[in-house]
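Below is one structure, written out as structure tokens; the observations come after it.
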Amino acid sequence: MDQFTRELQGREAGRVRSASGLKREQSRLSRKQKGSKNRDKQRRKVARAHARVADARRDFHHRWSSKLARENQAASAESLSVRALACGIHAKSVHDAGWASFLSMLAYKMTRYGRIFTKIARDFPSSQVCCRCGHAGARRR
């Protein structure tokens with residue numbers, strides 16, 4: 001998954017890439033003997049690496065949701081089936097994205113700024129509805 005979100009105008013937001021240190025620290029932890037002091041120290045390092053990843057993700061969500069809320073009068077988000085998306089080859093990045101927390105931040109920031117936020121059901125045929133007349137028919141090409 002290359003992009004976190006995409007706007008109607010085509011502007012995209014990248015994703016958080018900060019799990020490289022976490023992987024290294026976890027592999028070091030796996031080599032420590034259980035019950036040792038070195039394992040306990042390494043376990044704390046892994047916990048700090050997890051906290052850094054969570055902080056980076058939260059910071060990205062706050063920055064992007066604030067930017068969207070300030071610059072737009074209305075925002076809509078499709079309720080995605082994360083379980084279905086996570087079955088493919090992008091499962092790790094789908095779970096790492098944290099869309100639920102981003103949408104909750106976006107919702108409260110839109111109401112704080114007096115903007116409109118709507119959630120669209122995933123079964124709504126948005127690609128089959130004509131944008132001019134509203135006719136819902138066969139898929140547009």
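The values are calculated or read from the model by the stated rules, or taken from the named source; none is laboratory data. As the structure is a computational prediction, the values presented were derived from the model and not from experiment. Ideal geometry is used to build each Cβ from the backbone, glycine not excepted, and the neighbour counts take in all protein chains shown.
Among the residues of the range 14-27, those that are modelled with pLDDT of 90 or more and over 13 Å from A47 (Cβ atoms) comprise R24, S27. Listed conditions (1) surrounded by 16 or more Cβ atoms within 10 Å (Cβ to Cβ); (2) aromatic (F, W, Y); (3) out of contact with any helix residue (DSSP H, G or I) (no Cβ under 6 Å at 6 or more places or on another chain) are all met by F102, apart from (3). The condition of being touching a Gly at 6+ places or on another chain (Cβ under 9 Å) and within 30 Å of T118 (Cβ to Cβ) holds for only one of R57, R63, that being R57.
When D55, D40 are screened for being of a type outside the set (A, V, I, L, M, F, W, C) and under 30 Å from M110 (Cβ atoms), only D55 passes.
Among residues of the range 39-55 being free of Cβ contacts under 8 Å to residues at least 24 places away in the same chain and of a type in the set (A, V, I, L, M), the one that is surrounded by the most Cβ atoms within 10 Å (Cβ to Cβ) is A54.
Restricting attention to the range 56-84, the residues that are of a type in the set (S, T, N, Q), surrounded by 13 or more Cβ atoms within 10 Å (Cβ to Cβ) and out of contact with any strand residue (DSSP E or B) (no Cβ under 7 Å at 6 or more places or on another chain) total 3. For the range 62-112, the helices (runs of 4 or more DSSP H) that sit wholly inside it and include 1 or more residues that are modelled with pLDDT of 85 or more are 99-112. Yes or no: S36 at pLDDT below 85, over 30 Å from F117 (Cα atoms), among the small types (G, A, S) and surrounded by fewer than 15 Cβ atoms within 10 Å (Cβ to Cβ)? No; evaluated as a whole, the condition is false for this residue.
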